[in-house]
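Engineer: Sharing a structure with you now.
Only the coordinates and a few stated rules stand behind these numbers; no lab work does. Just so we're clear, the structure is a prediction, and the values are computed from it rather than from any experiment. FYI the Cβ positions are ideal-geometry reconstructions off the backbone, even for glycines, and counts take in every protein chain you see.
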2 protein chains.
Amino acid sequence: MHLSEAKKQFISNWGAFGTQWGINRTMAQIHALLMISADPLTQEDVMAQLDISRGNVNMNIRELISWGLLDRVILPGERKEYFTAEKDTWKVATLIIRERKKRELDPMLKLLAQLENIDGDKKDKNVKQFVETISGIRKFGKQADQMLDRMVKADESWFLGGLFKVFK
Amino acid sequence: MHLSEAKKQFISNWGAFGTQWGINRTMAQIHALLMISADPLTQEDVMAQLDISRGNVNMNIRELISWGLLDRVILPGERKEYFTAEKDTWKVATLIIRERKKRELDPMLKLLAQLENIDGDKKDKNVKQFVETISGIRKFGKQADQMLDRMVKADESWFLGGLFKVFK
DNA sequence: ATTAACTTTCAAAATATATTGAAAGTTCAA
DNA sequence: TTGAACTTTCAATATATTTTGAAAGTTAAT
């Protein structure tokens, strides 16, 4: 397979992958494109290569920047903005973890904490089941939260080098 | 806060949470409802409590069963089917991991393996960047895959009891 | 201050996804 | 068998999300 075909495949599949994880197709595709591009691209380049509209590209590039996944670059002597993606997979992963944790896990844990203290007869099996379920999910979530925190703070080689132990 | 209000909040938020992870709102809500219900429910119960149509409930219950998250139960002497959810958070988590790994991660790793061997001048910076990006993502994915495999095989207490070490 | 190059916005349109409910299918007690 | 009780299907509909592109906004060289 040649580069251009492989690029197409990667971009298209990465887009589909994104949608299964609540990230819109275009955002994932733009990210994919910039990850595999050796040089920075302009908005026009992205529009042309992915065949999507100006507004769409603009909106998704801004979103990617807010996630910390892209940077604006001004090339010396040029008027227009260029964009590059963070290329280091480990950094990309930790940026994504950080962001989703903040947006989703943290608020959910806060909610669960509230729901755990409901009024009502603790002997009622419905109350009991509710509290047990919520606290079970919360315990799991807290543990995951901690683990992700450590991951994000850790060094790349810890994970990628296979130097980590999962059992005590 | 009282049970009925807390239930509503949990179901509604769990549904929203689901959509951010590529699981449809109704499926997540049905799962939430059954997780906090002490006794098995019928399709009718679910329809009534969540105010959704017969077809929708039926389709999503079947999907949840295929994930291994719900079981059909026939109560002795009853004609109709009841449904219960797996209540153990750890088991729920591993079932979900297993399923998503199979449906998403495994195929993606297969694709990346193919894309890594493209034809073309290895000195071309575009080819180089492509191969580097793909192999970086693949390395990370393989590591994640291994970690998840160990998690799924491990005992609940490993994770939930906080007995695990993340550093060597 | 002008204006050409470039970026951003956002209402409308297109697309994708989820939901409904009536009809068809199945099961089983009598 | 029959038919009442229950389950499943799926075409039509509703809802949610994404995309477009023209217009408005911004910037900076002259």
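Engineer: What is the one condition in (1) within 11 Å of DNA strand C (Cβ to nearest atom); (2) over 29 Å from A:PRO107 (Cα atoms); (3) within 14 Å of chain A (Cβ to nearest Cβ); (4) not hydroxyl-bearing (Ser, Thr, Tyr) that B:PRO40 does not satisfy?
Structural biologist: Going through (1) within 11 Å of DNA strand C (Cβ to nearest atom); (2) over 29 Å from A:PRO107 (Cα atoms); (3) within 14 Å of chain A (Cβ to nearest Cβ); (4) not hydroxyl-bearing (Ser, Thr, Tyr) one by one, B:PRO40 breaks only (1).
Engineer: Right, another one. Would you say B:THR42 is within 16 Å of DNA strand D (Cβ to nearest atom) and over 30 Å from B:GLN129 (Cα atoms)? I'd like the intermediate steps shown before the answer.
Structural biologist: Details: within 16 Å of DNA strand D (Cβ to nearest atom): yes; over 30 Å from B:GLN129 (Cα atoms): yes.
It is true that B:THR42 is within 16 Å of DNA strand D (Cβ to nearest atom) and over 30 Å from B:GLN129 (Cα atoms).
Residue by residue, here is whether (1) more than 14 Å from chain B (Cβ to nearest Cβ); (2) under 30 Å from A:PHE140 (Cβ atoms); (3) within 14 Å of DNA strand D (Cβ to nearest atom) holds:
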| residue | (1), (2), (3) |
| --- | --- |
| A:ASN56 | yes, no, yes |
| A:GLU63 | yes, yes, yes |
| A:GLY68 | yes, yes, no |
| A:ARG72 | yes, no, yes |
| A:GLU78 | yes, no, yes |
| A:TRP90 | no, yes, no |
| A:ARG100 | no, yes, no |
| A:LEU109 | no, yes, no |
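Engineer: Still on this structure, I have one more. Within region B:116-142, restricting attention to residues that are assigned to a loop (DSSP other than H, G, I, E, B) and within 7 Å of another protein chain (Cβ to nearest Cβ), which residue is nearest to the chain's Cα centre (by Cα)? It would help to see each step written out before you state the result.
Structural biologist: Restricting attention to region B:116-142, the residues satisfying the condition of being assigned to a loop (DSSP other than H, G, I, E, B) are B:117-124.
Right, trim to within 7 Å of another protein chain (Cβ to nearest Cβ) and you get B:118-120.
Numbers: B:ILE118: 34, B:ASP119: 37, B:GLY120: 39 Å.
Result: B:ILE118.
Engineer: A:LYS8 fails exactly one of the following numbered conditions: (1) within 14 Å of DNA strand C (Cβ to nearest atom); (2) among the charged types (D, E, K, R); (3) within 11 Å of chain B (Cβ to nearest Cβ). What is the number of that condition?
Structural biologist: So the condition that A:LYS8 fails would be (1).
Engineer: May I pose another question? Taking the condition of being closer than 30 Å to B:LEU3 by Cβ, more than 7 Å from every other protein chain (Cβ to nearest Cβ) and touching a Leu at 6+ places or on another chain (Cβ under 8 Å), how many residues in region A:143-168 meet it? Break it down stepwise before answering.
Structural biologist: Restricting attention to region A:143-168, the residues satisfying the condition of being closer than 30 Å to B:LEU3 by Cβ are A:143-146.
Narrowing further to those that are more than 7 Å from every other protein chain (Cβ to nearest Cβ): A:144-146.
This time we only want the ones that are touching a Leu at 6+ places or on another chain (Cβ under 8 Å), so: A:144-145.
Summing the residues that are closer than 30 Å to B:LEU3 by Cβ, more than 7 Å from every other protein chain (Cβ to nearest Cβ) and touching a Leu at 6+ places or on another chain (Cβ under 8 Å) in region A:143-168 gives 2.
Engineer: Of the numbered conditions (1) within 21 Å of A:GLU104 (Cα to Cα); (2) more than 9 Å from chain B (Cβ to nearest Cβ); (3) not small (Gly, Ala, Ser), A:TRP21 satisfies every one except a single condition; which is it?
Structural biologist: (2)
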